[in-house]
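To keep things clear, I will list the structure first and then write my remarks on it.
The values are calculated or read from the model by the stated rules, or taken from the named source; none is laboratory data. What you are looking at is a predicted structure, and each value in this text was computed from that prediction instead of being measured. Ideal geometry is used to build each Cβ from the backbone, glycine not excepted, and the neighbour counts take in all protein chains shown. To get the accessible areas, we keep the full protein, side chains included, count just its heavy atoms, and leave off ligands, DNA and RNA. Shrake-Rupley method; radii C 1.70, N 1.55, O 1.52, S 1.80 Å.
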Amino acid sequence: MKIIFALFIAFATFSCANDKKTSFSKEALSETVLTSDGSQLAFGDVLKKHEGKTVVIEVWASWCGDCVKAMPKIKELQANNTDVDFVFISMDKTADKWKTGIEKHELVGHHYMANDQMEGVFAKAIDLDWIPRYIIVDKTGNIALYRAIETDFDQINETLENLK
């Protein structure tokens, strides 16, 4: 019983530590993503494009049922936060599926695709364990919310409200 309790405490501590990150790792910032025009751009440069703005990053994929289910919520979030930039990073396996997903779901925002999907360098660098995953970056470039999923929209809304 003591071992189970110790494992639980260790897991809870690790989980909370991941939720409190205020900046991205060097690995995450230097990892490149595919742009919609077919070029590569470092994730750090993606963030630089949004300096001075609050940014909601959604990590998603067109094949992800939970991602599709959350689409109305992300669109509502966009409608209620017109001053926020939305960055979508796809974990799709092909650019065709990624681009088809953007069109099919009428996603408005800035679009990129990870080069090596869910098990790759970028995914590991942001501690990706579930999609959709939401990260909020404040106007100063610090992470305000590191890990939120599709059931956390109250927390996402609260974080955005606190950043206004």
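General observations
- Within the range 36-65, the residues that satisfy the criterion of being part of a strand (DSSP E or B) and under 17 Å from Tyr146 (Cα atoms) are Val55, Val56, Ile57, Glu58, Val59, Trp60.
- Of the criteria (1) hydroxyl-bearing (Ser, Thr, Tyr); (2) over 23 Å from Lys26 (Cβ atoms); (3) in contact (Cβ under 8 Å) with a residue 12 or more places away in the chain, which one Tyr112 fails: (2)
- All positions within the range 128-143 that are in a loop (DSSP other than H, G, I, E, B) and under 21 Å from Asp45 (Cβ atoms): Leu128, Asp138, Lys139, Thr140, Gly141, Asn142
- Within the range 40-55, if we keep just the residues that are under 10 Å from Tyr112 (Cα atoms) and more than 13 Å from the chain's Cα centre (by Cα), the residue that is most open to solvent (accessible area, probe 1.4 Å) turns out to be Gln40.
- When restricted to residues that are modelled with pLDDT of 95 or more and open to solvent by 80 Å² or more (accessible area, probe 1.4 Å), the range 1-26 contains 1.
- Evaluated against (1) in a helix (DSSP H, G or I); (2) crowded, with 17+ Cβ neighbours inside 10 Å, Tyr146 falls short on exactly one condition, (1).
- Residue within the range 105-119 that is buried (at least 16 other Cβ atoms within 10 Å of the Cβ) and among the β-branched types (Val, Ile, Thr) present: no
- Qualifying residue in the range 94-112 (condition: over 21 Å from Thr35 (Cβ atoms) and under 14 Å from the mean Cα position of the chain (by Cα)): no
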